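The values are calculated or read from the model by the stated rules, or taken from the named source; none is laboratory data. Quantities reported herein were computed from a predicted structural model and do not represent experimental measurements. In this analysis, Cβ positions are derived from the backbone assuming ideal geometry, glycine residues included, and neighbour counts consider all displayed protein chains.
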Ligand SMILES: [Fe+2]
């Protein structure tokens, strides 16, 4: 068996290959947030995944959101996470966030059949 570092087990839209290519649209987290905010501004960060099946056998089980903060020696900072019950709960989260420094928002999700996927978006603080 080939042993991987955990980071290599996370699919992204650009790194997906082979069978995973056809899974990109339904699995890569979409991040809806302003591209630029003020340092004291509370803004809305919305993460969605899909369209994707939502059955007991195959569903998005959780979403985690973190910040790779500009200039911070150890990244990322965990901003929040949510777990979902198959069938009843849709894989979508909305958070109110205030950033002191800009950086890259990284959203991760776990699909019970297709593994870990991440998406990212830069937010500037000016
Ligand atoms: Fe899936």
What do you reckon, is residue 86 modelled with pLDDT of 95 or more and out of contact with any strand residue (DSSP E or B) (no Cβ under 9 Å at 6 or more places or on another chain)?
no
Among the residues of the stretch 33-58, count how many are in contact with a helix residue (DSSP H, G or I) (Cβ under 9 Å, 6 or more places away or on another chain) and either closer than 16 Å to residue 122 by Cβ or surrounded by 11 or more Cβ atoms within 10 Å (Cβ to Cβ) (or both).
4
Within the stretch 109-118, which residues are surrounded by fewer than 19 Cβ atoms within 10 Å (Cβ to Cβ) and either more than 9 Å from the ligand (Cβ to nearest atom) or assigned to a strand (DSSP E or B) (or both)?
115, 116
Anything in the stretch 17-59 that is at pLDDT below 95, outside any helix (DSSP H, G or I) and out of contact with any strand residue (DSSP E or B) (no Cβ under 8 Å at 6 or more places or on another chain)? List them, or say none.
17, 40
Answer yes if at least one residue in the stretch 63-84 is touching a residue at least 24 places away in the same chain (Cβ under 8 Å), closer than 27 Å to residue 19 by Cβ and surrounded by fewer than 17 Cβ atoms within 10 Å (Cβ to Cβ), and no otherwise.
no
Kindly check whether there is at least one residue in the stretch 88-108 that is within 16 Å of the ligand (Cβ to nearest atom), touching a residue at least 60 places away in the same chain (Cβ under 8 Å) and closer than 13 Å to residue 30 by Cα.
yes
Evaluate the following for residue 30: is it under 28 Å from residue 126 (Cβ atoms), out of contact with any helix residue (DSSP H, G or I) (no Cβ under 6 Å at 6 or more places or on another chain) and more than 16 Å from the ligand (Cβ to nearest atom)?
no
With respect to residue 94, is the statement that it is touching a strand residue (DSSP E or B) at 6+ places or on another chain (Cβ under 6 Å), at pLDDT 95 or above and not in a helix (DSSP H, G or I) true?
yes
